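Some notes on the structure that comes next.
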Amino acid sequence: MRTSVFSLSSLLLPLALCASLLAAAPAHAQAARYELDPDHITIAFLVDHIGYAKVLGLFRSARGSYRFDEATATLSDVRIEVETASVFSNQRKRDEHLKGPDFLNSGEFPRMVFTAGSARRTSERNFEINGQLELLGKSLPLTLQATWNKSAESPMGGPLRKPYTMGVSARGSFKRSAYGMNYAVSNGWVGDDVPLIIEFEAVRQ
């Protein structure tokens, strides 16, 4: 039995129309990968000292990455690694103490790592990032409150390349005793609560 031209064209026309619509449909935007700019990152902390004042310290070496879809403001795959031996508080003896077993124990645990699979958008440019902080061999929950400051081509890239850069401010805190860092907690000489101050620029890859 021969298939008529009419019936054959009736079959092919919807298929051709579907193919045309699929070809014309815009591709869904995908989250871009961002890498933290090592020249524009600050990871700092404040710790109370016998109630007199707080000591401000920072880590001189850190790296990290994440994925971000600017169209939907979706953040994912966050990972920030900090070299614990890079701690600096502007006092040599104190810094050596911080690297030792009483505090960061950098010889045995060279890295402190924050990871998060996703984030919750709380307003147009603010996010709540519920992740895990790995420190001294323990991994415990840590929440960061982050603000998306700006995304644009950086004027610092030179005439041939202007990298697309995202700026972020984040804050959080943890108790060092939760990680077994108990030195001078019971007598109140060194505060248990450790507020974190995180500021960085990240370049879209």
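Think of each Lys and Arg Cβ as +1 and each Asp and Glu Cβ as -1; about the Cα centre, that makes the dipole of region 26-204 roughly 60 debye. Mean sequence separation of contacting Cα pairs (under 8 Å, at least six apart), scaled by the length of region 26-204, corresponds to a relative contact order of 23 percent. Return the label of the correct value of P(r) over Cα pairs in 10 Å bins from 0, in percent, as calculated from the structure shown, out of (i) 8, 26, 30, 21, 11, 4, 1, 0; (ii) 8, 28, 25, 16, 8, 5, 5, 3, 2, 0; (iii) 8, 33, 36, 20, 3, 0. Given (i) 8, 26, 30, 21, 11, 4, 1, 0; (ii) 8, 28, 25, 16, 8, 5, 5, 3, 2, 0; (iii) 8, 33, 36, 20, 3, 0, the calculated one carries the label (ii).
May I ask which of 54/99; 150/175; 54/175; 138/175 have a Cα-Cα span longer than 22 Å here? Beyond 22 Å: 150/175. Other residues lying with their Cβ under 13 Å from the Cβ of residue 113 contribute a combined charge of +1, Lys and Arg counting +1, Asp and Glu -1. Separation of region 126-188 and region 78-102, taken as the distance between their Cα centroids, equals 16 angstrom. For a label point 7 angstrom out from the Cα of residue 193 toward its Cβ, which stretches of region 142-178 have the backbone nitrogen within less than 19 Å? In region 142-178, the label zone of residue 193 (backbone N under 19 Å from the point 7 Å along Cα→Cβ) covers 142-146, 170-178. Taking label positions 7 Å along the Cα-Cβ direction at both residue 205 and residue 52, the computed distance is 4.6 nm, reported to one decimal. I need the P(r) histogram for region 41-116: all alpha carbon pairs, bin width 10 Å from 0 out to the longest distance, whole percents. Taking every Cα pair in region 41-116, the percentages come to 17, 41, 26, 13, 4.
Read-outs: derived from the displayed coordinates by stated rules, not from any lab. Treat the numbers as computed from the prediction; the structure is a model and nothing was measured. Don't worry about glycine lacking a Cβ; one is built from the backbone with ideal geometry, like all the others, and counts go over all protein chains shown.
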